[in-house]
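Okay, so here's the structure we're looking at.
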Amino acid sequence: MATIYPADHLTLAGQPYSMQEYYANCHANGSLTLIVLPISRHTQNILHSPSHSASISVSSDPPAAARARVALMGSVTLLPDDSPESEALKDCYLAQHPDAVEWIPGDDEGAHVAYWGIFDPHTVYFVGGFGDEHYIGYVPLNLYQTASPFDETDVGSRFLKQEASF
Ligand SMILES: *[C@@H]1O[C@H](CO)[C@@H](O)[C@H](O)[C@H]1NC(C)=O
């Protein structure tokens, strides 16, 4: 994840900050689920940003120059404590990050105060690998949101088929 230090920060105003952050994939439209911890630097940057903006990058595993990665730029919305979605998010999140059981929102015994958040991308920038062989550029948001899971080894051919239609 990358965020920007707030304008009133004493020494780092406007500077980008990036650090690994957990997210879970729990929504069909590709919006990502976050556990928002008030003690985290990212959370402070997001909450001080007028549009609650952040960017999250997702890379192939293992990452490599020849393999696909994507930067999602968007904003974070906190869910209310009593959100009806909480139980489902907890199950989904823990299935992807079992160790997060220590900081699940709503747990009075938890290690930290925590809230559920949703990261909704507004812009998607995709680097498929090398520009002579792979698509590099923006991906229309509706294409991202309506995509279904696929075998990443097939990303090139699928993307080219899609590209032909926009
Ligand atoms: C994505 O789906 C979630 C869950 O249905 C919803 O809360 C969220 O608003 C959607 N985001 C966008 C950008 O449509």
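The values are calculated or read from the model by the stated rules, or taken from the named source; none is laboratory data. Because the structure is predicted, anything quoted here is derived from the model rather than measured. Heads up: the accessible areas ignore ligands, DNA and RNA and are worked out on the full protein's heavy atoms, side chains in. Shrake-Rupley method; radii C 1.70, N 1.55, O 1.52, S 1.80 Å.
Computed on the chain, with alpha-carbon pairs under 8 angstrom and 6+ residues apart, the relative contact order is 23 percent. Rolling a 1.4 Å probe across all protein chains gives Thr77 an accessible area of roughly 70 Å².
Under a 5 Å amide H cut-off, with hydrogens placed 1.01 Å from N, Thr123 pairs with Met73 among residues at least 5 apart or on other chains.
Taking all protein chains in place and a 1.4 Å probe, what share, in percent, of the accessible surface of the chain do carbon and sulfur account for? Here carbon and sulfur together make up 56 percent of the probe-accessible area.
Accessible area per residue for the chain, computed on protein heavy atoms with a 1.4 Å probe, is 60 Å². The candidates Asp99, Asp82, arranged from most to least accessible area with a 1.4 Å probe in the full protein assembly, appear as Asp82, Asp99.
Annotation: amide H-H contacts under 5 Å for Ile136 (H modelled 1.01 Å from N, sequence separation of 5 or more, or interchain): Gly128. Take the alpha carbon atoms of the range 15-71, find their center, do the same for the range 83-121, and report the distance between the two centers in whole angstrom. Answer, in whole Å: 16. Dividing the helix sum by the residues of the chain, where each DSSP H run of 4 or more adds -39500 (n - 2.57), gives a mean residue ellipticity at 222 nm of -5500 deg cm²/dmol.
Take Val139: with every protein chain present and a 1.4 Å probe, its accessible area is about 20 Å². Mean projected area of the convex hull spanned by the Cα atoms of the chain, taken over all viewing directions: 11.3 nm².
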